[in-house]
Amino acid sequence: MKTKLLISLFFILAVVAISYAQTTEAVLETQIKDGDIVFIKTNKANSFLPNGNSKFNYAGVIFIESDVPMVYYATEPLKKCNLEEFKKMSIGGEFMVKRLIEQEVLTGDVISKMHSWATAKLGLHYDNKINLNNDELYNAEFVWKVYKSCLGLPLSEPKELKEYKIEDPNAKEFLLDAFGQKIFDEKMIAIGDIYRSTFLEEKP
């Protein structure tokens, strides 16, 4: 009798836990807004690019499509996926969503412009040259340019590569071999700089 009661209790607790998790996910998604930026930590990121002293090294911009939060992000090639799929790429499932503090500037027309700009970049090749002035885009550059190109707002100021600490011990050698010494004078955007942008706040 006790065994049956314990099994029944375990089953009830399991159902409650699953329902709570599903409810939490549903609430999270209903709170997501167009233009939100989601940060994760993944092995997919190019290790030779400094992340700007942040625990996150990958990011994407969210747009709501048919009531589903879709994340646009620069990889090879630039693509989109739903928010749940993007979060699953993160080590340990850790993620953070941030949004523009001055939400009033993200009017319907501005969001439409940002969405169209991002959609037009789908399929674009990843920028391995770390160049802000070419047609290709690396991960942080894409997020930065969505706001810079469509809103005129630089979420962070570009810095020369040599100003960053390169965590990977083999990265500096790779960069020298691939691009020469001049690459360290190249201005770039790091995920950490966007993450700490004074224009953004954690999603309430």
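Bear in mind these aren't lab numbers, they're just calculated from the coordinates by the rules spelled out. Owing to the predicted nature of the structure, the values given are computational and were not obtained by experimental measurement. All Cβ positions, even for glycine, are placed from backbone atoms using ideal geometry, and neighbour counts span all protein chains on display.
Per-structure values
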read-out: Under 18 Å from the Cα of Lys41 - aspartates and glutamates, other chains or at least 8 residues apart; value: Glu76, Glu84, Glu85, Glu94, Glu141, Glu167, Asp168, Asp193, Glu202
read-out: Rounded to whole Å, sorted largest first: equivalent-ellipsoid semi-axes of region 38-161, Cα gyration tensor; value: 21, 18, 15
read-out: FRET efficiency for Asn53 and Ser116, using Cβ-Cβ distance with R0 set to 22 Å, rounded to 0.05; value: 0.10
read-out: Distant-in-sequence amide H partners of Lys79 (H built 1.01 Å from N, under 5 Å); value: Tyr73, Gly123
read-out: Footprinting exposure proxy for Ser116, Ser90 (fewest neighbouring C-beta atoms within 10 Å first); value: Ser116, Ser90
read-out: Pairwise label distance in nanometres, Glu104 with Asp177, each label 7 Å out on the Cα-Cβ vector; value: 5.5 nm
read-out: Least to most buried among Asp127, Asp135 (fewest other Cβ within 10 Å first); value: Asp135, Asp127
read-out: Region 32-202, dipole about Cα centre (Lys/Arg Cβ +1, Asp/Glu Cβ -1), debye to the nearest 20; value: 160 debye
read-out: Long pairs among Lys145/Lys182; Lys165/Lys203; Lys113/Lys165; Lys44/Lys203, criterion Cα-Cα beyond 32 Å; value: Lys113/Lys165
read-out: Cβ-based exposure ranking for Cys81, Cys150, in which fewest neighbours within 10 Å come first; value: Cys81, Cys150
read-out: For Leu153, residues with placed amide H under 5 Å, excluding near neighbours; value: Lys148
read-out: Two-site label geometry, Glu76 and Glu163: point separation in nm, points 7 Å out along Cα→Cβ; value: 2.8 nm
read-out: Cα Rg, Dmax, region 99-194, angstrom units; value: 15.2, 46
read-out: Distant-in-sequence amide H partners of Gly60 (H built 1.01 Å from N, under 5 Å); value: Val38
